[in-house]
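The values are calculated or read from the model by the stated rules, or taken from the named source; none is laboratory data. Note that this is a predicted model, so its numbers are computed, not measured. Positions of Cβ are generated from backbone atoms using ideal geometry, with glycine treated the same way; all protein chains shown enter the neighbour counts. What goes into the accessible areas is simple: the full protein's heavy atoms, side chains included, and nothing from ligands, DNA or RNA. Shrake-Rupley method; radii C 1.70, N 1.55, O 1.52, S 1.80 Å.
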Amino acid sequence: MWVRGALLLLLLALLVAGCSSKPKPGRAVTVDAVPRAEPESRYGNPDTYTVRGKTYRVRDSNHGYRERGIASWYGPGFHGKRTASGEIYNMYAMTAAHPTLRLPAYVRVTNLENGRSVVVRVNDRGPFVENRIIDLSYAAAKQLDMISSGTARVEVEVVGPNPVAAMPAVSHVNTSKQPLFGRDNVFIQVGAFSEMANARRLMQWLQGEGLGPVREQQFGGMTRVWIGPLDSAGAIDAMIARLNRLGLFDLQVITAP
């Protein structure tokens with residue numbers, strides 16, 4: 001009886017240890033935003049705006065911007081709500097808010113306390129707290145290891161092109177001489193990764209958001225994440241709109257051979 005009880009306790013201890021060490025599934029897409037030329041936000045760039053009695057003046061240009069200060073992050077309380085640019089805030093995308101940069105902007109944020117850095121797409125206004133210069137998404141803050149502290153001393157530097165007057169939302173790459181539709185061969189490429197683990201993480205996140213079918217394609221030494229096939233221009237436009245609302249903009253329409 002004693003031996004049976006001891007074995008039972010040992011088995012229970014092993015089960016508890018196994019459960020406690022099992023990693024919790026994450027939803028954050030921890031892949032740097034990829035700078036690209038895109039149109040200025042129609043709603044996010046007034047000459048001035050006022051919050052809590054303080055007036056902010058939006059910069060004439062993002063060129064050459066570089067600043068050191070305190071970063072904070074914003075998460076669940078804002079998730080799913082509209083940003084200043086009109087897009088929907090997704091705490092799991094690599095985005096940020098800034099009080100005066102022209103929207104959208106791409107910036108590299110370096111945590112001066114640990115040397116970690118990320119590239120994020122600025123699509124919102126904030127933070128509106130004294131001495132804070134940028135508000136990061138949960139995903140970006142997690143990469144910088146500042147979730148628990150809430151703030152960190154950072155350097156913010158604009159990277160990539162300034163917003164431009166008019167650019168296509170996606171690029172269309174036709175790798176086939178066949179017509180665009182009709183052979184289940186049209187997809188949206190959401191990302192391309194040298195590390196397969198990053199591609200798998202993005203696929204899992206997309207599926208968790210109810211998007212699909214999602215598949216991976218291996219070529220050119222990269223793992224590419226595709227959604228599709230899509231059978232009409234309307235289906236492509238609808239899917240692009242859904243991806244944009246999730247904070248994903250560096251998209252390509254692919255016609256597979």
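For this structure, a couple of remarks:
- Counted residues, the stretch 70-104 - those being among the small types (Gly, Ala, Ser), touching a residue at least 40 places away in the same chain (Cβ under 8 Å) and over 20 Å from THR151 (Cβ atoms): 4
- Residue match in the stretch 118-137 (condition: at pLDDT 90 or above, within 17 Å of the chain's Cα centre (by Cα) and farther than 25 Å from ARG242 by Cα): yes
- Taking the stretch 108-126 as the range and being open to solvent by less than 10 Å² (accessible area, probe 1.4 Å) and either in contact with a His (Cβ under 6 Å, 6 or more places away or on another chain) or in a loop (DSSP other than H, G, I, E, B) (or both) as the test, the residues that pass are VAL122, GLY126.
- If you go through the stretch 140-186 and pick out every residue that is surrounded by 12 or more Cβ atoms within 10 Å (Cβ to Cβ), at pLDDT below 80 and within 19 Å of ALA33 (Cα to Cα), you end up with 8.
- Just one of the listed residues (LEU248, LEU243) is touching a Leu at 6+ places or on another chain (Cβ under 8 Å), under 28 Å from HIS79 (Cα atoms) and touching a residue at least 40 places away in the same chain (Cβ under 8 Å), and it is LEU243.
- Whichever residue in the stretch 58-97 is assigned to a strand (DSSP E or B) and of a type in the set (Lys, Arg) and, among such residues, is modelled with the lowest pLDDT: ARG82
- Residue list for the stretch 60-99, filter: farther than 23 Å from LEU243 by Cβ, surrounded by fewer than 15 Cβ atoms within 10 Å (Cβ to Cβ) and either among the small types (Gly, Ala, Ser) or touching a Phe, Trp or Tyr at 6+ places or on another chain (Cβ under 8 Å) (or both): SER61, GLY64, GLY69, GLY77
- Of the residues GLN217, GLN189, the single one that is within 17 Å of the chain's Cα centre (by Cα), modelled with pLDDT of 85 or more and part of a strand (DSSP E or B) is GLN189.
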